[in-house]
Structure formats: C-alpha cells, structure tokens
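Please read the structure below before turning to the comments.
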Amino acid sequence: MSDEQTKTTHFGFQDVPESEKAGRVQGVFNSVASKYDVMNDAMSMGIHRIWKDAMMDWLAPRPGQKLLDVAGGTGDISFRFLKRAGSGHATVLDLTEPMLIEGRQRAEAEAMAESLDWVVGDAMALPFPDNSFDVYTISFGIRNVTRPQEALNEAFRVLRPGGRLMVLEFSQIPNPAMQWAYDRYSFNVIPAMGQAIAGDRDSYQYLVESIRKFPDQDTFLGMVRKAGFENAKYRNLSLGIACLHSGWKL
C-alpha cells in the first residue's frame with residue numbers, strides 16, 4: 001500500500017486514511033454550501049464579520065495587489081480585500097465547486113467581476129506558478145486541509161518576495177474555564193443549529209470537532225515559520241476563540 005493509503009489523519013474526532021479526508025471535507029461543504037453564509041452569522045452571532053474586518057485592518061490591502069484567497073468559499077475575504085485595496089485582483093480558490101457557485105451569485109461578485117477569478121483547486125497543490133501573488137489568505141479553511149504544513153509550504157511558493165501570508169482560524173482560549181464554557185456552547189448548540197438551519201447536524205458536528213483537533217496558537221506559529229515565513233506573529237481575537245497568524249516571504 002502507498003504511504004497516503006496507510007497514513008491516517010483526523011476528520012473531526014475520527015481517524016481516517018489521508019487519502020479519504022479531502023473527499024469527506026468536500027462532502028461536508030457540498031452539503032452546507034447553500035446555507036453557509038447564513039450559518040456563519042448564526043453560529044458566531046455575526047462576530048465572524050468583526051474578525052474578518054480585523055484581518056483586513058492588519059493586512060492593510062494596497063491598490064494593485066494580487067490576492068490568492070484559498071478555501072475562499074463564497075468570497076467574503078476577497079470582497080473585503082478588493083474594497084479596501086480600491087483596485088487589484090483576487091483569485092478565490094476552493095476545493096468545493098458548490099461553494100464557489102454560491103459566491104459567484106452574490107451581488108458583490110457581479111459588481112467586482114472584472115477583478116475576480118473563481119478556481120477549483122487543492123491548497124496542497126496550487127495550480128499557479130511560483131511568485132505569482134502579493135497576498136495569500138486562508139480563513140477558517142486550513143484546519144480542513146489534510147496536511148496543513150504542505151498548504152503553508154505552497155503558500156510560500158506562490159507568494160512573491162515581499163508577499164504576505166494571513167491565516168484566520170478558530171483557536172484555543174488560554175483560560176481553561178472559558179474554554180470549557182465555549183466547548184459546551186459549541187458541542188450542544190452548533191450541531192443543533194446546523195440541523196435547524198441547514199438540515200445537516202453531522203457536518204456541523206464535524207466542524208466543531210475539527211476546531212478542537214487544530215494546533216494551538218504557538219504550535220501553528222511554528223508551522224508558519226517552518227514553511228519559511230519571517231516576522232511571523234499572531235493576534236488572538238475574542239480571547240482566542242479565533243486567531244490571526246501573519247508571516248512574510250522575505
């Protein structure tokens with residue numbers, strides 16, 4: 001058997017062969033695509049918008065920059081980037097085509113059509129040449145990648161010298177009591193909300209579990225540095241429920 005067939009990874013709290021994870025993740029997002037944006041607002045009580053705005057504040061997009069937004073889904077980050085930059089180009093890449101289809105139907109996508117590309121692709125094998133982009137973003141997506149270190153390595157490859165990496169992802173609250181309370185909310189409320197709004201409890205159970213399996217802030221910072229990024233830092237959002245990691249290809 002090949003290494004990919006024998007190696008395992010996590011899919012939520014399940015151990016699965018690495019070769020199966022991408023297909024399972026696609027199944028989750030195929031299922032929730034039509035309700036994805038509505039569920040984001042419901043699950044976070046709208047706070048995900050504040051986190052994404054904080055990402056743009058730290059990123060400070062400049063006119064004319066080229067963005068690659070990986071796991072870009074329905075385009076939230078790309079729309080914000082282009083509005084902040086004033087001019088430029090954004091490529092939204094996602095493994096799941098139904099997510100991109102939903103994004104292309106949004107009003108912002110039509111208004112910005114000349115500055116947007118929508119590409120189906122894998123974060124671990126990006127279909128772009130070296131040194132192609134000024135900025136790489138991935139928001140609430142890298143925990144779904146089979147081998148996150150390979151995705152970071154690919155980010156470094158496709159960024160131009162002087163390019164910027166920005167990762168927004170759920171993380172760990174340093175305070176154990178607050179983490180306990182957040183876990184109770186996540187496991188008891190979010191899957192039930194997924195059933196009520198999206199008709200899909202299992203997908204949201206996976207999403208909650210996948211957050212707990214993702215490395216903590218300092219561990220992930222080490223992975224960013226291992227990929228070659230310099231001046232790497234992170235900022236906690238909402239006490240660490242989410243976190244922004246930043247790095248530069250220098």
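Any read-out appearing in this document is the output of simple, stated calculations on the displayed coordinates, not a laboratory observation. In this text the structure is predicted, and so the values were computed from the model without any measurement. Heads up, the Cβs are rebuilt from the backbone with ideal geometry, glycines too, and the neighbour counts pull from every protein chain shown.
What is the extension gain from Ser132 to Ser115, computed as 0.36 nm multiplied by their sequence separation minus the C-alpha to C-alpha distance, in nm to one decimal? Present the calculation step by step, with values, prior to reporting the outcome.
Working: separation 17, 0.36 × 17 = 6.12 nm, distance 1.57 nm.
Between Ser132 and Ser115, full extension yields 4.6 nm more.
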Legend entry - Vicinal HN-Hα couplings computed from phi for segment 159-172 (Karplus, 6.51 cos²θ - 1.76 cosθ + 1.60; Hz; Gly/Pro x): 7, 6, x, x, x, 10, 9, 9, 10, 10, 8, 4, 9, 10
Inset, instruction - Answer rounded, prolate or oblate for segment 37-119, using the Cα gyration tensor with square roots of eigenvalues a ≥ b ≥ c: rounded when a/c is under 1.5, else prolate when a/b is larger than b/c, else oblate. - result: oblate
Legend entry - 3J(HN,Hα) from dihedral phi, segment 139-153, Karplus parametrisation 6.51/-1.76/1.60, rounded to Hz, x for glycine, proline: 10, 6, x, 5, 6, 8, 6, 4, 10, x, 4, 5, 5, 5, 4
Inset, instruction - In square nanometres and to one decimal, what's the mean projected area of the convex hull around the Cα atoms of segment 1-66? - result: 7.5 nm²
Legend entry - Helix-only mean residue ellipticity at 222 nm for the chain, each DSSP H run of n ≥ 4 adding -39500 (n - 2.57), per residue, nearest 500: -14500 deg cm²/dmol
Legend entry - Asp41 paired with Ala177, simple spin-label distance in nm, labels 7 Å along Cα-to-beta-carbon: 3.5 nm
Inset, instruction - Please report the base-10 log of the normalised intensity I(q)/I(0) for the chain, using a Debye sum with one equal scatterer per alpha carbon and no solvent, at each q in 0.16 (1/Å). - result: -1.27
Legend entry - Candidates per GluC sites (Glu not before Pro) in segment 1-51, loop by DSSP, up to 12 other Cβ within 10 Å: none
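How far, in nm, would the chain grow between Ala107 and Arg49 when pulled straight, counting 0.36 nm per residue and subtracting the alpha carbon separation? List each step's numbers first, then the result.
On the way: separation 58, 0.36 × 58 = 20.88 nm, distance 1.72 nm.
Length difference between fully extended and current span is 19.2 nm.
Shape of segment 62-106 from its Cα gyration tensor (a ≥ b ≥ c, root eigenvalues): rounded if a/c is under 1.5, otherwise prolate when a/b > b/c, or oblate? Intermediate values should be presented prior to the final figure.
Numbers: a/c = 3.05, a/b = 1.95, b/c = 1.57.
Here segment 62-106 falls in the prolate category.
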Legend entry - Shape call, segment 91-230: gyration tensor on alpha carbons, a/c limit 1.5: oblate
